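Let me begin by presenting the structure, written as structure tokens, before commenting on it.
FYI, it's all coordinate maths here, none of it is from the lab. Remember, it's a predicted structure, so these values are computed and weren't measured experimentally. No Cβ is skipped: glycine too gets one built from the backbone with ideal geometry, and neighbour counts run over all protein chains shown.
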Amino acid sequence: MDLFAGVVNALSFSNLLYCFLGCVLGTLVGVLPGLGPASTLSILLPLTVYLDHTGSIIMLAGLYYGTMYGGSTTSILLNIPGEAASVPTCLDGFQMTRQGRAGQALWIAAVGSFIAGTLGVLAMSFIGPGLAKYALKFGPPEYFALLFFSLTMLVSLSGTSLIKGMGTGLVGICLATIGVDPFTGVTRLTFGMIETMRGFDLVPVVVGLFGIGEILSSAEEGVGQIYKGKLGKMMPRGAELKMGLKASFRGTLVGFPLGLLPGMIAALSSFMAYDLEKRVSKHPERFGTGVIEGVAAPEAANNATAQAGFIPMMALGIPTGPSLAIILAALMMYGLQPGPVLFQQNTLFVWTVIGSMYIGNVLLLILNLPLVGLWARISLIPYRFLAPIILGICIIGAYSPRNTMFDVWVALGFGILGYFMRKKDWPIAPLILGFILGPLFEQALRQSLTMGGLTIFLMRPISITLLLLTVFSLTLSIRYLKRIPKGTLEDEKP
Amino acid sequence: MRYRKTHLLETVLLLLMGGISALEGVRLIIRKDPQTAHDVLGPGGYIILVGLGLIGVGMSHFLVNGRKEGNKKETVVNKEMRKQLLGIILTLFLYIFFIDILGYLCASILFFCMILWVLGFRSLRFNLILSFSISIPLYIIFVRWLNMALPGGLLFS
């Protein structure tokens, strides 16, 4: 009954309008590299003072999960991830575009996101607050074990050479240590430069490696268009559709529990979903060449993570990331205290926000699906016209997170690095994974060792389970690699 | 066994990065604040582990991949395409350099003009029209609508 009342209230004209505005803005923010949901939410936050509290939270929430829909567009079409969570989507999405299947990739990304978003909201409605309590059992040792398990993904992302994959992963981890140590305040690898004290931001690194690097490689290869010829069908069919939908469900199952954990970023869940797909696939060697599961799973996972994040935020007052922290700030601005009290004293508000998420997912599907054909045509535009625009957007994207030209130089530097990595067959995804996971991994490791030394990992049941899973997973991955004929692996393009 | 030059360079870069990280770690351990003794690993310990990992990978790359790649031929690149690539890099370099001086809008107009020239469009009038057509909408979207504080340069600050 509460949910029904919430949905009915969410369907009021004003709430519907706020939901629509949030979803549109979110999609645009997701498409533009560099402009993340957190920065846009912080810009919009003062403006929401003029709206009623229900409408403003609906709009902010719509913007947040809308960015997960939009982030896939540039990843698939141009190999530039709109968000960090869309990095795995580039691996197969862009290859699909090169084969004239951009429409199918965009279609499954939108539908996969819808499936994940809807299932996520359903879970939120019925089992959410209960599940959130399990998130509290995760301490530093559990996080360390989970992140250590995540690092086994380096094996599956390594492509032709495990050593190269580990090398770039470690380079990513090392680059993430540049700056000020968060525990002690000492500087590391800054070489006396003030600019490096803040370390490298993720966005310039990603924009450089993927966006600028791709342009430079294409310029050297003399690529005329991303795809030449007639575009394929806009919608996948038959066995491919079935595989894509199954991958979406699996991605949701991966992304949702991870979204409950404070500090767990959507990028990690999309990488894990991609890795899982590769492990369960009968043809893991095809990943990276344009398989639909490689797009469906990470997109579903990052959307499920985004939806799941609302549960600990509303039920326990624990935001799982910077964007949700801003939405939490908005709640507190209106005098709404997150926690069990919120569910008891502001029932209509809570269920209206949850109801608006159902509607928001439908709106996003309606917004994104008709545009699939239009977006897919971008792959036919000659590169000579497309490349300057992409470079211009990359520069803005690199500058926008911290408003410093240093980040733009960093993007250029990583662009040149990305070009050389492509040329010499060094995989790029492990570098990004290492860069993202490195700080979290270090934090969890050092906190755990402070708590109880090395034995603490063996004394906590969740931690030891995850560590055993890591060993098992690594063994399986290495055996898989040995099973795949070497010629097949070497044919894989990065 | 012959090793390709690039393979040797890759190995050297990995070993260099690993070595620098490890040395930085040693420096941090030597200068560790006694009040942070509870932090078992410390900032230095962690970075030493990463550095040693890089050194290990560098050595493995030299020994294992060197054998696999030793006989691979270098791909031949078209000189015109190589020139275009260098032109793009130089244009980007100049663009980023001049953004702070000329401001985002002026630098962008010049950048788009130059990059279109590098990409093969030799008509100055066409390049200018296209430059303005790209720069101005980007400026309006990001600076005016999204309130992004892009550099105004010395002329407009």
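When +1 charges are put on Lys and Arg Cβ atoms and -1 charges on Asp and Glu Cβ atoms, the dipole computed for region B:5-69 relative to its Cα centre reaches about 180 debye.
The order of A:Lys242, B:Lys32, A:Lys282, going from fewest to most other C-beta atoms within 10 Å of their C-beta, is A:Lys282, A:Lys242, B:Lys32. Across region A:2-491, the mean sequence separation of Cα contacts (distance under 8 Å, 6 or more residues apart), normalised by length, yields a relative contact order of 30 percent.
Distance between the pseudo-spin-label points of B:Val12 and A:Thr465 (7 Å out from Cα toward the beta carbon): 5.1 nm. Around the Cα centre of region A:2-491, unit charges on the Cβ atoms of Lys, Arg, Asp and Glu (plus for the first two, minus for the last two) sum to a dipole of about 1140 debye.
Summing charges over neighbours of A:Asn9, with a neighbour being any other residue whose Cβ is under 13 Å away from its Cβ, gives -2 when K and R count +1 and D and E count -1. Screening chain A for whole DSSP H helices of 30 Å or more along their axis (Cα) with average Kyte-Doolittle hydropathy at least -1.0 returns A:53-78, A:102-126, A:238-259, A:347-368, A:429-452, A:461-483. Along region B:51-65 the Karplus relation, 6.51 cos²θ - 1.76 cosθ + 1.60 evaluated at θ = phi - 60°, assigns HN-Hα couplings of x, 5, x, 5, 5, x, 5, x, 5, 4, 4, 5, 7, 7, 6 Hz to successive residues, with x for each Gly and Pro.
Shape verdict for region A:156-307, please, from the Cα gyration tensor: rounded (a/c under 1.5), prolate (a/b greater than b/c) or oblate. Oblate. Within 10 Å of the Cβ of each residue in A:174-186, the mean number of Cβ atoms contributed by other protein chains is 5. Among A:413-422, A:461-470, sorting by the average number of other beta carbon atoms lying within 10 angstrom of each residue, highest first, gives A:413-422, A:461-470. Mean sequence separation of contacting Cα pairs (under 8 Å, at least six apart), scaled by the length of region B:5-69, corresponds to a relative contact order of 47 percent. Under 1.5 on a/c is rounded, so check that first for region B:5-69, then, if it is not, pick prolate when a/b is larger than b/c and oblate when it is not; a ≥ b ≥ c are the square roots of the alpha carbon gyration tensor eigenvalues. Taking the square roots of the gyration eigenvalues as a ≥ b ≥ c, region B:5-69 is prolate. Averaged over the residues of A:208-220, the number of partner chain Cβ atoms lying within 10 Å of the residue Cβ comes to 3. Taking other Cβ atoms within 10 Å as a rough exposure proxy, A:Thr475, A:Thr196 sort from fewest to most as A:Thr475, A:Thr196. In a DSSP loop and with at most 15 other Cβ atoms within 10 Å, the chymotrypsin sites (Phe, Trp or Tyr not before Pro) in region A:188-237 are A:Phe191. Among B:40-49, A:290-299, A:103-112, the peptide with the highest mean count of other Cβ atoms within 10 Å heads the list, and the full ranking is A:290-299, A:103-112, B:40-49. Rounded is the label for the protein assembly as shown, because a/c, from the alpha-carbon gyration tensor with a ≥ b ≥ c as root eigenvalues, stays below 1.5.
Computed from the C-beta positions of A:Val362 and A:Lys228, the FRET efficiency with R₀ = 60 Å rounds to 0.95. For region A:131-210, relative contact order (Cα pairs under 8 Å, six or more residues apart, normalised by length) works out to 16 percent. Counting Cβ atoms of other protein chains within 10 Å of each Cβ in A:440-451 and taking the mean gives 3.
Each residue, B:Val64 and B:Arg144, gets one label point 7 Å from its Cα in the Cβ direction; the gap between the two is 5.7 nm. Exceedance of the 28 Å cut-off in Cα-Cα distance is limited, within the set A:Lys233/A:Lys278; A:Lys242/A:Lys278; B:Lys5/B:Lys83; A:Lys233/A:Lys282; A:Lys137/A:Lys164; A:Lys278/B:Lys79, to A:Lys137/A:Lys164; A:Lys278/B:Lys79.
Between the helical axis of B:79-102 and the longest alpha-carbon principal axis of chain B there is an angle of about 80 degrees.
Region A:220-265 and region A:142-202 have Cα centres spaced 27 Å apart.
In this structure, the amide hydrogen of A:Gly321, modeled 1.01 Å from its nitrogen in the peptide plane, lies closer than 5 angstrom to those of A:Gly263, counting only residues at least 5 positions away or on a different chain. Measure out, as a whole number of angstrom, how far apart the alpha-carbon centroids of region A:290-345 and region A:411-439 sit. Result: 30 Å between the Cα centres.
Where the centre of each part is set by its Cα atoms, how far does region A:28-87 sit from region B:96-149, in angstrom? So the two Cα centres are separated by 26 Å. Ranked by how many other Cβ atoms sit within 10 Å of their own Cβ, fewest first, the residues A:Tyr143, A:Tyr399, A:Tyr65 fall in the order A:Tyr143, A:Tyr399, A:Tyr65.
Proximity of backbone amide H atoms, modeled 1.01 Å from N, is registered between A:Gln225 and A:Tyr383 at under 5 Å, excluding neighbours fewer than 5 places apart on the same chain.
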